[in-house]
Each structure stands twice: as structure tokens, then as C-alpha cells.
Amino acid sequence: MTAEPLPDWFMPPPGGWTADAMDDLPPGAPRMELIDGALIVFSPQIRFHSRVKRRLSTVLEGVLPPELAVDEEMTIKLGKRQRPEPDILVYRDTDDPEVGDIRSYYTPDEVLLAVEIVSEESQDRDRSTKPLKYAQAGIPHFWRIEREDGGPAVYVYELDGTKEPRYIPVTVARERLKLDLPFPIDIDVRALSR
């Protein structure tokens, strides 16, 4: 059995992949993100990942103040060669539907919270690479969700406010997540995967 050749569009453009070049990918291309100038193709999701993402997005939509909104499968343009895609993001909503409806990414100044649900193939990116890049870009809040003992555990972080931005841990929630920042929220964590 011979491998199929890579499609022409998959070859890097002159000078390598950039955040802007991602908008030139064809509509049939698989979902990808750009990390350090390298395209990362997403693996199929397991049921736990899919359920937690869908249910957390729904919970967030129900509690967010009107100036905030939630989205899935949207990238954040962090720099010339950085355009990661968190599983969920909460952003400051625009009142301009002309801009909001046709955009393909958000900018770090719009994003209040980035959420990563850790998968086996994305552990290093979700635990180390992407949180570092989100912090350096100034995204104030980051949640990482791990599968522990068959259920979700939500690791909550916020920027520490130093000259070299980094996230500091706030809490780990395995049963109930109750926070005042970045917005008031009270979540039954166990219900996210049921």
C-alpha cells in the first residue's frame, strides 16, 4: 500500500507558514493550528473531550455577562507564526456583526479566557507550550481540563502581573468550580462529562 501524496496546499509557502497564510487554506483542509510556524493537524476527539467542550460552552453561555461571548474552534492570532486554537475561548463581544461574522481568529486583547481540554496527543502543547504563549500574549485567564479517574478536573490559572507574564495556579476543581473572576461562575464539574 502506497501513501497518498500530500496536497499542494499543504506545502509551506515561501518564507514558511504565517498566521495570515492560514486564511488561505482551502475549505476542505482539516482543522489546524499554527505553533512556532508549524501546522498542527488536530486528531479525532474522544467522547470525553467532545462532551466536556460542548457542555462547558453551554454552561458558559448561560452565565456570561452580555459584553462577553464564548466560541469553539476559533484561533487566536498571537503573532506572525503563532495562531493556536483553544478548545473554548471567552472573548469581549463586538457590536459590529459585519466584523464578527466573517472573522477567522481573535486577537489576544479580545480574549479573556482560553480553555484547553487535554488529549493524549496534545498533552505537551496543552500543559506547557500553549499556556506559555497565551500568558506571554497577555490573555488574563487560562483553564486546563484533565481527565482524572474518568471525570474532569479543571485547573484554573491567572496571570501573575509581573514583567515576564506567566500563569499562577488559582485552584483545581474536581466536583464544583466556584469563581468570581473572570466572571461569577458556579459549575458542577462532574456533570461536564456525564
Pseudo-spin-label distance K178 to R51, built 7 Å along Cα→Cβ, given in nm, is 2.5 nm
For I185 and M74 in one chain, what is 0.36 nm times their gap in residues minus the Cα-Cα distance, to one decimal in nm?
37.7 nm
Once D8 and R166 are pulled to full extension, the length gained, defined as 0.36 nm per residue separation minus their Cα-Cα distance, is 53.0 nm
Please name whichever of L159, G62, Y134 sits farthest to the positive end of the charge dipole of region 30-165, dipole taken about the Cα centre and charges placed at Cβ: Lys and Arg +1, Asp and Glu -1.
Y134
Asserting the computed 222 nm helical MRE of the chain (DSSP H runs at least 4 long, -39500 (n - 2.57) per run, divided by residue count, to nearest 500) equals -4000 deg cm²/dmol
Hz values of 3J(HN,Hα) by residue in region 46-54 - Karplus curve (6.51, -1.76, 1.60), Gly and Pro given as x:
8, 4, 4, 4, 4, 5, 4, 4, 5
Just to confirm, what accessible area per residue do you get for the chain at 1.4 Å probe, in whole Å²?
56 Å²
Surface share of carbon and sulfur [accessible, 1.4 angstrom probe, percent] for region 1-133
52 percent
Considering only C-alpha atoms, what is the centroid distance from region 117-194 to region 47-114, in Å?
15 Å
In nm, the gap between the two label points placed 7 Å beyond Cα toward Cβ at T58 and A38 is 3.7 nm
Taking H placed 1.01 Å from N in the peptide plane, check which residues at least 5 places from I88 or on another chain put their amide H under 5 Å from its amide H.
V115
Quick check: net charge around D186, other residues with Cβ under 11 Å of its Cβ, Lys/Arg +1 and Asp/Glu -1?
0
Just to check I understand the Karplus step: with θ = phi - 60° and J = 6.51 cos²θ - 1.76 cosθ + 1.60, what whole-Hz values come out for region 55-72, glycine and proline as x?
6, 5, 4, 5, 4, 4, 4, x, 10, 5, x, x, 7, 10, 9, 10, 9, 10
Using +1 on the beta carbon of Lys and Arg, -1 on that of Asp and Glu, and nothing else charged, what's the dipole of region 148-194 about the Cα centre, debye to 20?
60 debye
Rounded to the nearest 0.05, what FRET efficiency do L25 and T129 have when you use their Cβ-Cβ distance and R0 = 25 Å?
0.70
For region 1-148, calculate the relative contact order in percent as a whole number, restricting contacts to Cα pairs under 8 Å that are 6 or more residues apart.
19 percent
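The values are calculated or read from the model by the stated rules, or taken from the named source; none is laboratory data. A quick note: this is a predicted structure, and the numbers were derived from the prediction, not measured. Please note: Cβ atoms are built from the backbone with ideal geometry, for glycine as well, and neighbour counts cover all protein chains shown. Calculation scope for accessible area: heavy atoms of the full protein, side chains included, ligands and nucleic acids excluded. Shrake-Rupley method; radii C 1.70, N 1.55, O 1.52, S 1.80 Å.
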